[in-house]
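What follows is a short report on a single structure.
The values are calculated or read from the model by the stated rules, or taken from the named source; none is laboratory data. Just so we're clear, the structure is a prediction, and the values are computed from it rather than from any experiment. So basically every Cβ, Gly included, is an ideal-geometry build from the backbone, and we count neighbours across all protein chains shown. The protein model used for the area step is the full one, side chains on, heavy atoms only, and it has no ligands, DNA or RNA in it. Shrake-Rupley method; radii C 1.70, N 1.55, O 1.52, S 1.80 Å.
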Amino acid sequence: MENNRRSSFSSFRSYMAALSDTPHRLARRALSVSTYSEESGRDVRARSGGDMKRTLRWYDLVGLGIGGMVGAGVFVTTGRASHVYAGPAVVLSYAIAGLCALLSAFCYTEFAVEMPVAGGAFSYIRTTFGEFLAFITGANLIIDYVLSNAAVARSFTAYLCTAIGLSSDARLRFTVSALPNGFNEIDFVAVAVVLTLTVVICYSTRGSSMLNMALTALHITFIVFVIVIGFTKGDPKNMTRPADPKLPGGFSPFGASGVVSGAAMVYLSYIGYDAVSTMAEEVRNPVKDIPIGVSGSVVLVTVLYCLMAASMSMLLPYDKIDPDAPFNAAFSGGAVGWRWVSNVIGAGASFGILTSLLVAMLGQARYMCVIGRSGVVPRWFAKVHPSTSTPVNTTLFLGIFTAAIALFTDLQILLNLVSIGTLFVFYMVANAVIYRRYVSAAGAGTTSPRPTLAYLLCFTLTAVLFTLLWHYTPPGRAKSFLLGACVLFAIVILQLFQHMVPQATRPEFWGVPLMPWIPSASIFLNIFLLGALDSPSYVRFGFFSGLAVLVYVMYSVHASFDAEEQKGVGQENNSVEMKEYNEAHGNVSKV
């Protein structure tokens, strides 16, 4: 018997034969789910050639979570959210956004504790909704990571100029007139930052964590400095009085709708904690360390953000806040008169950019590594270096790719392409944790998935309807009635689902509390936040999702099919060998 069957990619004829068999292979592989043992077993990890060392503790995860979230975004989103939407009540916007992030963090934590692998959301969705959705989700997440990291690297140049007192970041970039606008400003500083961090990440996860801790400590020191200056030099009257008396006053001048819209905007400042879940394979005690690390970092960051927002609101009335650079303007525009503080803010933001970039690059490499283990991309991406115990291949590949994009692509072009993929992943993980609880884990039981899928579909459609009404219905009693009806209907179907469908499994170590309320709230809020994004984000999402589908149909499903066939042949050969051994052993016994 042959030990190996011919690969779909062994020759052109084999590949064409595989393409002709695509419908059958899609039917067989697209909805196939993996088990927890298949995702985290030693045989699967062996595909990487070496194990990632379990060197991280809960305080490392807290540091990585804070470093991943507290980047430069808070220095930008706070101003626009306050000036345009919430006014001084931007403090409440950050609190609401923090609660949303915590709900999503709970969903990630249940999976990460039960299945401590580096695959994060890709592995979670693969064990619930199957290979195809996992691949589409993982592909969008990787693309979002690369584009957002390139954007963050280019923003480092701008904040570095502020820190050293240069009036324009153009002095650290040079323009190539032959290239089209938006792609003609060459930024070697961004490239140097990305490549340097790539080398650090390749060398050691523990070393990367220590560097993150040092940079995060410096960044938080700058943030605390800004908070103290705001509370000591600011005026509490600015929390309720605009500079222009004709504008609405009070703590919440634009009402509840303004607070919620502000929360949708500042929520993007919390993106980054999901990368911590990809470190689960390198955590010493996942049951204890992961819940503390993920949830603790979200809570601490929420407190910091609320204090920063309050500090800014005390420094200036909301109508005088610069939407694009609120803290710089507050300190240099006369509210305090300390222009040198804007240089300090630039230095602090620079450290924040480095930490968020470091954590995101750690996360993207581990996502890609586990996708490589699954067989839907070449196994080369799954390799873990035996000396450093890090996924060197994926780290170098994605690092070089990120640096190439950061070299010439304008920051605004990149910013229009990010965020939607991450929010989509949060939505999918919240659905997956409900499916896991109320249907069999990884398809191992006999519970019918139809009631759970029907609930998730109805709840999602209700959230979509609420979001559309919120954005496109004119203010008035009719709008309030319709929104209230949507919320009431969502609560009713949630209650019916909770009482009529029993949980099929309960987590052994740590689970999301108040099931299914918390993940359902996360679903609702993530859909609402998705509705706040602009149309270019959806165009990008559609384009890259379509590209991912094409890659899956042309390559991934065939590679996955080959891996399944090879696994079946191996098991068949083992069975034959065992049978021959037993027969020989029996014959010897008879003699």
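Buried (at least 22 other Cβ atoms within 10 Å of the Cβ) and either modelled with pLDDT of 85 or more or aliphatic (A, V, I, L, M) (or both): is that true of residue 400 in this structure? No, not satisfied.
Assess whether residue 529 counts as being in contact with a Phe, Trp or Tyr (Cβ under 7 Å, 6 or more places away or on another chain), of a type outside the set (Ser, Thr, Tyr), farther than 24 Å from residue 110 by Cα and open to solvent by less than 30 Å² (accessible area, probe 1.4 Å).
Judged against the criteria, residue 529 is not a match.
The set of residues in segment 461-476 that are within 20 Å of residue 259 (Cβ to Cβ), free of Cβ contacts under 8 Å to residues at least 60 places away in the same chain and part of a helix (DSSP H, G or I) comprises 469, 472.
Residues of segment 284-304 being more than 19 Å from the chain's Cα centre (by Cα) and either within 23 Å of residue 142 (Cβ to Cβ) or modelled with pLDDT of 90 or more (or both), which ones? The answer is 303, 304. Residue pairs whose Cβ atoms lie under 9 Å apart, sitting 6 or more positions apart in sequence or on different chains, and linking a residue in segment 209-225 that is in contact (Cβ under 8 Å) with a residue 24 or more places away in the chain and farther than 20 Å from residue 55 by Cβ to a partner that is in a helix (DSSP H, G or I) and open to solvent by 60 Å² or more (accessible area, probe 1.4 Å), are 223/307. Does segment 490-506 contain any residue that is aromatic (Phe, Trp, Tyr) and within 28 Å of the chain's Cα centre (by Cα)? No: zero hits. Is it fair to say residue 252 is within 22 Å of residue 80 (Cα to Cα), assigned to a helix (DSSP H, G or I) and either open to solvent by 10 Å² or more (accessible area, probe 1.4 Å) or at pLDDT 85 or above (or both)? Here the answer is no, as residue 252 does not meet what is asked. Residue 425 meets all of the listed conditions (1) modelled with pLDDT of 90 or more; (2) buried (at least 22 other Cβ atoms within 10 Å of the Cβ) but one, namely (1). Pairs only if they're at least six apart or on different chains, beta carbon under 8 angstrom, first in segment 376-392 and closer than 25 Å to residue 557 by Cα and in a loop (DSSP other than H, G, I, E, B), second open to solvent by less than 20 Å² (accessible area, probe 1.4 Å) and of a type in the set (Val, Ile, Thr); list them, first residue then second. Within 8 Å, the pairs are 376/557; 377/371; 384/390; 391/384. Take segment 183-209 and flag every residue that is at pLDDT 85 or above, open to solvent by 60 Å² or more (accessible area, probe 1.4 Å) and under 29 Å from residue 304 (Cβ atoms). Correct list: 196 only. Sub-9 Å Cβ pairs linking a first residue in segment 1-17 that is within 17 Å of residue 379 (Cβ to Cβ) to a second residue that is modelled with pLDDT of 70 or more and in a loop (DSSP other than H, G, I, E, B), at least 6 apart or interchain, are 8/21, ordered by first then second residue. Scanning segment 438-455 for residues that are open to solvent by less than 10 Å² (accessible area, probe 1.4 Å) and at pLDDT 90 or above returns 438, 452. Within segment 227-244, residues that are free of Cβ contacts under 8 Å to residues at least 12 places away in the same chain reach no partner that is part of a helix (DSSP H, G or I) with beta carbons closer than 6 Å at six or more positions or on different chains.
Does segment 243-254 contain any residue that is touching a helix residue (DSSP H, G or I) at 6+ places or on another chain (Cβ under 7 Å) and under 23 Å from residue 101 (Cα atoms)?
For segment 243-254, residues touching a helix residue (DSSP H, G or I) at 6+ places or on another chain (Cβ under 7 Å) and under 23 Å from residue 101 (Cα atoms): present.
Among helices (runs of 4 or more DSSP H) entirely within segment 30-73, having at least 3 residues that are open to solvent by less than 70 Å² (accessible area, probe 1.4 Å) and at pLDDT 80 or above singles out 58-69.
Conditions (1) buried (at least 24 other Cβ atoms within 10 Å of the Cβ); (2) more than 23 Å from the chain's Cα centre (by Cα); (3) at pLDDT 90 or above, marked per residue:
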position: 83; (1), (2), (3): no, yes, no
position: 87; (1), (2), (3): yes, yes, no
position: 101; (1), (2), (3): yes, no, no
position: 122; (1), (2), (3): yes, no, no
position: 143; (1), (2), (3): no, no, no
position: 164; (1), (2), (3): no, yes, no
position: 173; (1), (2), (3): no, yes, no
position: 181; (1), (2), (3): no, yes, no
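For segment 489-504, a tally of residues being crowded, with 19+ Cβ neighbours inside 10 Å and assigned to a helix (DSSP H, G or I) returns 3. When segment 456-499 is filtered for residues that are aromatic (Phe, Trp, Tyr) and modelled with pLDDT under 90, the ones remaining, listed by number, are 470, 472.
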